[in-house]
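Following: one structure in structure tokens, then a few remarks.
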Amino acid sequence: MLKPATSGQLRFFVLDMQRPRPAIVHRLAVSGTVDIDRLLTAVRAVLRAQPALRVSLRMEPEGLVQRVHPVPDVPLAAHPLPEDEEAADRALAHQLDVLGAPFDHSGAPLCRITVLHRADRAVLLFAVHHGVFDDGSAPALLSSLTVAHGLGPDELADAEPAEGPPPAERLGPLRRFWANALEGAPEDCSLPQLTPGAERARASVATRLPAALVDRMRRRAAETGASAFTQVMSALAWVAGWYGRTDDVVVATVSGAGRDTRGVSVVGCLQNTIPVRVALTGATTEDLLDRTLEALSDAVEHAELPLEDILAVTGARRHPDRKPFTQLICTQGELRTETVDAAGLRWRMEPPESDQVEYDVSVTLLHAPDGGEHLVVAHPRTALDARTAERFLDHLVAALDALTAPEARLLTAHDLLGARERSELAALTGPPVAAAGVPVHHLVRARARATPSAAAVRTGTGELDYAAVTGRARRLAAALLEAGVRPGDRVGIHLDRTPDLVIAVLATWWAGAAYVPLDPDHPAERLRYVLRDAEPAALIAGAPLLPGLPTLAPDSCAPEPVSWPEVAADAPAYVMYTSGSTGSPKGAVIRHDNLCALFAAFDARFPQGPAVVLAGTSSSFDISLIELVWPLTSGRTLHLTSHRTVLQDIPDPGGAFYQCTPSSARLHTTSPEGRAFLARLGGLLVGGEPLAGDLADDLAGLVPGPVLNGYGPTEATVYTTLWRVLPGAPVHIGLPLPGVRCQVVDAHGRDLPPGCPGDLVISGTGVGDGYWRRPELTAERFPAPHRADGVTGYRSGDVVSFTPGAGLKFLHRADDQVKVLGQRIETGEIETTLRRRPGVRDAAVAPLPDHTGVIAFLVREDDPGAGALPRPLPVAVAAELRRGTADWLTGAMLPTAWHGVADLPRSPNGKLDRRVLADWAAARTEAADSAPSALPGTAAAAVLEVWERILGEPVTDTAATFFALGGTSSGILRVLTLLRSRHPSLHAADLFRHTTARALTGFLEGLDPQGPDPQGPDLEGPDEVGSPTGRGRSRVPDDGPIGTRLRPL
């Protein structure tokens, strides 16, 4: 007999086609006087009465069908069970292995039976497929067997087939219910610690719930109607929401159709998996039980609609490697079932020992025959480590304990962490720091008094000792005082990287003021905004920037005062401006004691050396403090250089300490000179952006000294954590520096357990005073709840997790901030700037996959060619947009590519879907790398001509990087010189961003739209880089992040 397969059978059949799954083997142990003939007769009676055990599935042209076979078609074998117990165990294990083989759907029934027997006992093994035997079928099988054996086969009535799909008039209400219940539901509820993968081999942890807890659960069930199972589902939703930092959780469960027909419980694939949505917002322990009970009851009431239909009406996204809506399932069952039949045999059914799991996390409440309750957590073996699974189970039990407590409390007020976890989290509090309680320049003054003739600042042409540096700083400080600077004021510093820069910083401190760094390579309008916002009392620069602002040359001097201003240790030391989400930069205020604590921590980490610190970072990038000031407070020498020219300036660093972004470090590893340079360092510190694992391994094997990965927001004084890079180890950002405390918390400020991603809150000696004249933003990012014991905390906006023994791991931003070439960029500021351009209706940006730039996606008022997918804007349009935004956006913020689109992608709730933007950026990058070269006589010809001259051989692979073809860092500077005649606004940073001939060609065509140049590039030009600003000397980017543009286009 053939009939269409059910939706449940189709689901399991498709799973088998994707990956054959082992058969489920149910084991029934029979004890007493065994009559094997009577036992086999009972088994055959069950096969006759339960047609599902005789079903096979087969794909026909019209779809999947099920065939019900005659009883003899079902494989049934009987074997003697050895008297020797060890031999009996081996025989049982062998049969379990044989029967557990996957069904091949070759036409045979999806049930295989073997009976092992001897006079005093027997073991019946039923190997079944999910498509004919669900979890609720086991009691039905046991009931049928005991009736057929105890009362005789004729007493077992035939089970009637289960009801078919719901009637047509019921479908409408069912579909409306599920569409409403799951509208806006999360797409993938899971545990964040899970490692995704196709491996489904089962692992589990289990516990017997304490008797006192079980008693309370039963009392709570009697009081509220929330059964023990409902309480377990509530606990699962609570813990999963806590782990995942969400108040909206979907948990799967199973609902069975009616099984009893004519007194016979039906075997079959009758259960339907249904999603249950639990809202946690504002819930108390009492509310949660009520909410879960209501959601579960509603879902069960509408469970007739098959899961496939539920997914269809809700429009759930499908993914081949995960379930729609949730990877969490909550079920219940019997630990084991025992019964005695009318013939005196005792039957006991054990749960099947499945070695596969369908869901990533399965939480099962098992009822024991003695009245106890067991909780089991099953998961794919490779998805969770044993400690994490145990921790999750402990949290479920803790949640059950809270749910059954006498008094109702907010979920957010409960602490589910155990003592062991608290002990592990203690590692996130750094040891005490022995920082000097004086302003920073006093530490430099002390070094100058102790070793006045020691080298303090070195350049490629000479050096200054400590006495000279501090002497010049005091004379410039006297000039600042004479100009009207007073303690507590701010002083702008707009200088190139020369000894003047170091002296100006110290002079500002000697005068009692805080310095405001102004990068000469930033757009002039942006610098003027910073000056107007910071309101400095004076500016140290080569030329005035703002009318009416007193401007002092760096060599200004005046007689020293009789006494210098008193500067408190907690006085502001600098105001560092960073990108702002509202479209304007914001200034972070850092104190002297913040810096002293940082330097003390670095002294402890590097007690003996290195003696020389290379200083190549822009002063507007806060890691520059480690290069410009820390060496002078610890008796070291700072060597001024540039990340662009360091290989030429200092080919042999001689054991020096060097810090840079990972982007800079990777660039160095691509050339022989760079690798030789790294191999002669005494220590390397990378920070400012995520460190890739392959680069970490390469650097750890290349640099002879320690390689450290550093992390820290500007608001918490440069570095918060450090991690020693270990070859082959997963990259972390490490543990807090001395004096610093880190917390990984959820949205309610609750500490999260190890392994869970959460918001990083930083407190301790590194946290500054907030934002200059931004009280509302300061209150938001420096919230009072984290100001324990008078220590201010800072919400970093970074999402991290904690691994005991390794430290913190950076995951991603919690907001729209991104890192581009090491610089912290607010996408909101870029987008606000773009929307201000005429004709731009809306705008969004996304970082390139390698974080070397951003791509702009624009909705323009007059763009007839715009469609649903982005397309490159015309060259002239892109060039105009670039020119119009370059007066405000810094180099790292200026989009590298411009695309038009009919509308920006939105999520179902109307928010900008940045995941789609990221996909677009990745697709546009791939397309650009594979695009054909331009026609001869255009930018492509110029690029190839220049590259071939520098490389000394033809360029045939336009998708290979300049360095992969044998180019060097010095060679790329010659490329810049030769291309400048055709593209005068080209900068060195652009060449380090667009490292293939194709990518550089595409960039140049959008940079300066012009026709073919018959003369081509000036191949007779100077070998040194000319000045694009007419200053008459070489200028290449000298800040940490590669790619920061020096002059506005």
Distance (nanometres) between label positions extended 7 Å along Cα→Cβ at Arg118 and Thr246: 5.4 nm
Value at 222 nm in deg cm²/dmol, rounded to 500, when DSSP H runs of n ≥ 4 in the chain each add -39,500 (n - 2.57): -10000 deg cm²/dmol
In Hz, Karplus ³J(HN,Hα) per residue of the stretch 879-885 (6.51, -1.76, 1.60; θ = phi - 60°; x = Gly, Pro): 5, 5, 4, 5, 5, x, 10
Pairs of Cα atoms farther than 18 Å apart, the stretch 466-526, %: 34 percent
Listed peptides 45-56, 838-849 by packing density, highest first (mean Cβ within 10 Å): 45-56, 838-849
For the stretch 725-782, alpha-carbon Rg relative to the globular expectation (2.2 N^0.38 Å, N residues): 1.41
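From the mean inverse distance of alpha carbon pairs (Kirkwood) and the Cα radius of gyration, derive Rg over Rh for the stretch 1-122.
So for the stretch 1-122, dividing Rg by the Kirkwood Rh gives 1.03.
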Rg over Rh [alpha-carbon atoms, Kirkwood Rh] for the stretch 279-364: 1.10
Alpha carbon centroid spacing (whole Å) that separates the stretch 388-447 from the stretch 79-149: 51 Å
Projected area, mean over directions - the chain, Cα convex hull, nm²: 49.8 nm²
Helix 440-450 vs. the chain, principal-axis angle (Cα, 0 to 90°, nearest 10): 60 degrees
q = 0.15, 0.22 Å⁻¹, the stretch 440-567: log10 I(q)/I(0) [Debye, one scatterer per Cα]: -0.67, -1.28
Extended-chain gain in nm, criterion 0.36 nm per residue less alpha-carbon gap, Asp694 and Arg871: 60.4 nm
Computed P(r) (all Cα pairs; the stretch 824-930; 10 Å bins; percent): 15, 52, 31, 2
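Semi-axes, largest first, in whole Å: what does sqrt of 5 times each Cα gyration tensor eigenvalue give for the stretch 171-416? Walk me through the numbers on the way to the answer.
On the way: eigenvalues 136, 113, 84 Å².
Rounded to whole Å, the semi-axes are 26, 24, 21.
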Asp652 paired with Leu410, simple spin-label distance in nm, labels 7 Å along Cα-to-beta-carbon: 6.6 nm
Per-selection Rg to Rh, the stretch 660-727 - Cα, Kirkwood hydrodynamic radius: 0.97
Cut-off 14 Å between beta-carbons: net charge of the residues surrounding Ala427, Lys and Arg +1, Asp and Glu -1: +1
Extension gain (nm, one decimal) between Glu187 and Arg387, 0.36 nm per residue minus Cα-Cα: 69.3 nm
Mean Cα-pair separation over length for the stretch 171-416, i.e. relative contact order, pairs under 8 Å, 6 or more apart, %: 32 percent
For q = 0.14, 0.19 Å⁻¹, Debye-computed log10 I/I(0) when each Cα of the stretch 205-257 counts as one equal scatterer: -0.48, -0.83
Rounded FRET efficiency, nearest 0.05, which uses the C-beta distance separating Ala524 from Arg486 and R0 of 30 Å: 0.60
All Cα pairs of the stretch 385-452, percent lying beyond 16 Å: 69 percent
Packing-based ranking, highest mean first, of 587-596, 32-41 given that Cβ atoms within 10 Å are counted: 587-596, 32-41
Spin-label pair Leu213/Lys3, simplified geometry with 7 Å Cα→Cβ offset, distance in nm: 4.5 nm
Percentage relative contact order, the chain, counting C-alpha pairs under 8 Å, at least six apart: 8 percent
Degrees, to the nearest 10: 969-979 long Cα axis against longest axis of the chain: 70 degrees
Gain upon complete extension [Arg44, Ala426; 0.36 nm per residue less C-alpha separation]: 131.2 nm
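Readers should treat all values here as calculations from the given coordinates under stated rules, not as data from a laboratory. Values in this document were obtained by computation on a predicted structure and should not be read as measured data. When we count neighbours, we look across all protein chains shown, and the Cβ atoms used for this are built from the backbone with ideal geometry, even at glycine.
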